[in-house]
């Protein structure tokens, strides 16, 4: 489910009134559907305006170009991912940090299956490896957020070693999950099971020793 939050990010101006917020959300929703249909290269602001049922001037009122629209959608997806993780952790049934990592992978897979546009854009790497942050790779941003969650939720020691290991794990998991969805539109379960096993084994070797 799409979040209704609209942050500054790539927006020319942040919508304040309810109608403006809803209009921007319609643009992002339309963008998500269209990138699945025509890909990023086929996406145009004119096509997006037509699908969102807004005037083309409304698009440019908030976004300078299609990259900015996709960037805003990717930031919204990132927020949705973190909200999903928070909800998962709030259930209180994750006993160890590796259960938290498994939950992170499960939510990523779930978004591929259920969230329009996500299996095409992921966290923006098909557009720009720095779409989430000007200085860090998209997957490095994800790894940083996962590190923060593991430190806060499971008391894992907050060390550079943790972030390095998670960057390797995120890159590996991302590649294997993409492979799973290339093999099967719903995700090849055999590949996904192996991906989770590989990531867990790797992190046990490199992160377990840092646990407080």
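Values computed for the structure shown
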item	result
Cα gyration tensor, segment 91-212 - rounded (a/c under 1.5), prolate or oblate	oblate
Likely footprinting exposure, 46, 74, 120, fewest C-beta neighbours within 10 Å first	46, 120, 74
The chain: angle of helix 138-154 to the longest principal axis, Cα-based, in degrees nearest 10	50
Contact order normalised by residue count of segment 73-210, Cα under 8 Å, 6+ apart, percent	22
Global form of segment 106-167, assessed from the alpha-carbon gyration tensor, a/c cut-off 1.5	oblate
Alpha carbon centroid spacing (whole Å) that separates segment 158-212 from segment 61-106	16
Cα shape, segment 33-109, gyration tensor, a/c 1.5 rule	prolate
In degrees, nearest ten, helix 160-183 long axis to first principal axis of the chain (Cα)	60
Cα convex hull volume per residue for the chain (Å³)	119
Order of 199, 168 - criterion: other Cβ atoms within 10 Å of each residue's Cβ, fewest first	168, 199
Mean Cβ count within 10 Å, highest first, over the residues of peptides 200-207, 29-36	29-36, 200-207
Degrees between helix 66-90 axis and first principal axis of the chain (Cα, 0 to 90, nearest 10)	40
Over the chain: helical MRE at 222 nm, DSSP H runs n ≥ 4 each giving -39500 (n - 2.57), nearest 500	-23000 deg cm²/dmol
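Any read-out appearing in this document is the output of simple, stated calculations on the displayed coordinates, not a laboratory observation. Predicted, not measured: the structure shown is a model, and the values here were computed from it. All Cβ positions, even for glycine, are placed from backbone atoms using ideal geometry, and neighbour counts span all protein chains on display.
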